[in-house]
Amino acid sequence: MRRPTHIVSLAILTLLLFSALIPAQPVAAAGATLELTKRALTPTVNSGDVAVFALDYRCASITEDCRNVVVSDLIASEFSGASGNVQLIGTIHTQNESYDQATRTATWTFVDPLPAGSTGTLELRVRFRPEPHPTAPWAATAPR
């Protein structure tokens with residue numbers, strides 16, 4: 001029996017653009033749940049600097065594997081969307097990391113199945129747009 005695809009979306013600064021997707025909360029799938037938490041590793045980012053975000057994941061089951069896991073994150077307009085300014089770092093559980101500049105979407109595709117109990121941290125590095133006259137640093141926060 002085929003299990004549904006997990007699509008977990010996070011948005012930096014705006015969740016409204018992804019309202020049609022599954023929320024960035026635990027996603028149930030026939031006994032297995034993927035838990036995902038996003039946090040900012042750089043609390044303050046100045047104009048032109050790189051912000052680093054961690055996406056901690058866990059296949060929260062001791063018996064059922066997580067199937068067809070894909071994690072996507074929208075890059076907010078406050079960051080440069082140029083492909084050279086976005087870096088995705090996967091783990092031993094990811095088989096592909098990609099960035100679509102046209103949609104400003106970072107995507108990690110996991111091995112299938114993701115074994116029960118698997119944990120790890122994905123990393124997203126994005127450059128804050130350089131401004132000619134920045135007035136103050138920007139506080140990097142991860143939406144809940």
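The values are calculated or read from the model by the stated rules, or taken from the named source; none is laboratory data. Since this is a predicted model, take the numbers as computed values, not measurements. Quick reminder, even Gly has a Cβ in these numbers, built from the backbone with ideal geometry, and neighbours come from all protein chains shown.
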Residues of segment 38-56 being farther than 23 Å from Gly117 by Cα and either in a loop (DSSP other than H, G, I, E, B) or modelled with pLDDT of 90 or more (or both), in sequence order, are Ala40, Leu41, Thr42, Pro43, Asn46, Ser47, Gly48, Asp49, Val50, Ala51, Val52
Listed by first then second residue, the pairs whose first member lies in segment 107-123 and is more than 26 Å from Gly81 (Cα to Cα), whose partner is at pLDDT below 95 and of a type in the set (Val, Ile, Thr), with beta carbons under 7 Å and at least 6 positions apart or on separate chains, are Ala116/Ile62; Ala116/Thr63; Gly117/Ile62
Scanning segment 110-133 for residues that are β-branched (Val, Ile, Thr) and surrounded by fewer than 17 Cβ atoms within 10 Å (Cβ to Cβ) gives Val111, Thr119, Thr121
- In this structure, does Gly120 turn out to be among the small types (Gly, Ala, Ser), at pLDDT 95 or above and outside any loop (DSSP other than H, G, I, E, B)? yes
* Residue match in segment 81-93 (condition: modelled with pLDDT under 90 and farther than 17 Å from Leu122 by Cβ) -> yes
In segment 33-62, anything of a type in the set (D, E, K, R) and within 19 Å of Thr109 (Cβ to Cβ) is listed as Glu35, Lys38, Asp56, Arg58
Checked against (1) touching a Phe, Trp or Tyr at 6+ places or on another chain (Cβ under 8 Å); (2) under 23 Å from Gln95 (Cα atoms); (3) small (Gly, Ala, Ser); (4) at pLDDT 50 or above, Ala32 satisfies every condition except (1)
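Condition first: within 19 Å of Leu41 (Cα to Cα), among the polar types (S, T, N, Q), in contact with a strand residue (DSSP E or B) (Cβ under 8 Å, 6 or more places away or on another chain) and surrounded by fewer than 19 Cβ atoms within 10 Å (Cβ to Cβ). Can you find one or more residues in segment 90-106 that meet it? Before the answer, list the steps.
Taking segment 90-106 as the starting set, the residues that turn out to be within 19 Å of Leu41 (Cα to Cα) are 90-91, 106.
Right, trim to among the polar types (S, T, N, Q) and you get 91.
Filter once more, so that each one left must be in contact with a strand residue (DSSP E or B) (Cβ under 8 Å, 6 or more places away or on another chain): 91.
From what's left, surrounded by fewer than 19 Cβ atoms within 10 Å (Cβ to Cβ): 91.
Scanning segment 90-106 turns up at least one residue that is within 19 Å of Leu41 (Cα to Cα), among the polar types (S, T, N, Q), in contact with a strand residue (DSSP E or B) (Cβ under 8 Å, 6 or more places away or on another chain) and surrounded by fewer than 19 Cβ atoms within 10 Å (Cβ to Cβ).
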